[in-house]
Amino acid sequence: MPGLRGWLGQALGGTKRTPEFSGYVANFGVGTNTWVCPKTGRYRVVQWGGGGCRGANSGGDGAAHAQTVRWLTTGQSLSITVGEVFEGIEGGAATVLFPDSTLVTTTGGASGNGTSRPGVATGGDVNVPGRPRSGLFGGSAGSYGQFIGGAGGVAAFGFQSGGNPGGGAYDRGAAGASGGPALVLIIYEGSA
């Protein structure tokens, strides 16, 4: 429009605004990582173990879910380990070690080859176990609030693997049907 001047993000008074450090999310898959806090503020760490693999006439169990909220300062670090899901064994665990020595663990669901054992969460502010399998169908991963774990695998073509993250696999699935992977998310929630 004629008569308007300035750049996007510039206030009407002519001074530039500094954008809020928002919408920041870091995610971690399989492996061992160190995350260094980029900005002082409140962070929510959301994690799931891996879903159990299919087994002998049984789906895999769902993985556990945890959420932990901490005030972190620039430069503090978290140690994060995310385990891998292998065919025939339980889903990998996800662990996060905080600067205050709090250890949050979400275990994976058991494979369908043994006794049903959904994942268990410990150490978080919110700890939700995985759901057990039901016959051939995989169990769902734990969920809380807006963070929904993966669904268990079902008989429908294309849905035989466990959902991402942490759903257990359907037993009669194609050879590649597997449990949903473990996952850790770190979400910046603000500085107030």
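The values are calculated or read from the model by the stated rules, or taken from the named source; none is laboratory data. Model, not experiment: these values are computed from the prediction. Cβ: placed from backbone, ideal geometry, glycine included. Neighbour counts: every protein chain shown.
Identify, please: which residue in the stretch 9-43 is of a type in the set (K, R) and at pLDDT below 90 and is, among those, surrounded by the fewest Cβ atoms within 10 Å (Cβ to Cβ)?
Restricting attention to the stretch 9-43, the residues satisfying the condition of being of a type in the set (K, R) are 16-17, 39, 42.
Next, only the ones that are at pLDDT below 90 stay: 16-17.
Details: K16: 10, R17: 8.
The qualifying residue surrounded by the fewest Cβ atoms within 10 Å (Cβ to Cβ) is R17.
What are the residues in the stretch 50-69 that are assigned to a strand (DSSP E or B) and either in contact with a Pro (Cβ under 9 Å, 6 or more places away or on another chain) or not hydroxyl-bearing (S, T, Y) (or both), if any? Full working, then the answer.
Within the stretch 50-69, the first condition is being assigned to a strand (DSSP E or B), and the residues that meet it are 55, 58, 65-69.
G55, H65, A66, Q67, V69, listed by residue number.
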Among the residues of the stretch 80-134 satisfying the criterion of being acidic (D, E) and touching a Cys at 6+ places or on another chain (Cβ under 8 Å), which is modelled with the lowest pLDDT? E87
Answer residue from the stretch 171-188, given it is in contact with a strand residue (DSSP E or B) (Cβ under 6 Å, 6 or more places away or on another chain) and part of a loop (DSSP other than H, G, I, E, B) and is modelled with the highest pLDDT among those: A182
Any hit, the stretch 109-119, residues being in contact (Cβ under 8 Å) with a residue 60 or more places away in the chain and assigned to a strand (DSSP E or B): no
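Just to be sure I understand, how many residues within the stretch 89-108 are touching a Ser or Thr at 6+ places or on another chain (Cβ under 6 Å) and not in a strand (DSSP E or B)? Walk me through how you get there before you give the answer.
First, the residues of the stretch 89-108 that are touching a Ser or Thr at 6+ places or on another chain (Cβ under 6 Å): 89-90, 93-95, 97, 104-105.
Subset that is not in a strand (DSSP E or B): 89-90, 93.
Matching residues across the stretch 89-108 total 3.
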Within the stretch 49-65, can you find the residues that are closer than 13 Å to N113 by Cα and of a type in the set (A, V, I, L, M, F, W, C)? C53, A56
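I'm trying to understand the selection: among the residues of the stretch 105-117, which are under 14 Å from H65 (Cα atoms) and surrounded by fewer than 24 Cβ atoms within 10 Å (Cβ to Cβ)? Before you say what the answer is, go through the steps one by one.
Start the filter on the stretch 105-117 by keeping residues that are under 14 Å from H65 (Cα atoms), which leaves 105-109.
Listed by number, the list holds a single entry, T105.
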Just to verify a result, which residue in the stretch 44-79, among those that are in contact with a strand residue (DSSP E or B) (Cβ under 8 Å, 6 or more places away or on another chain) and of a type in the set (A, V, I, L, M), is surrounded by the most Cβ atoms within 10 Å (Cβ to Cβ)? A63
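Residue by residue through the stretch 141-152, note down the ones that are touching a residue at least 24 places away in the same chain (Cβ under 8 Å) and either under 14 Å from A110 (Cβ atoms) or surrounded by fewer than 23 Cβ atoms within 10 Å (Cβ to Cβ) (or both).
Listed by number, the residues that qualify are A141, S143, Y144, G145, F147, G152.
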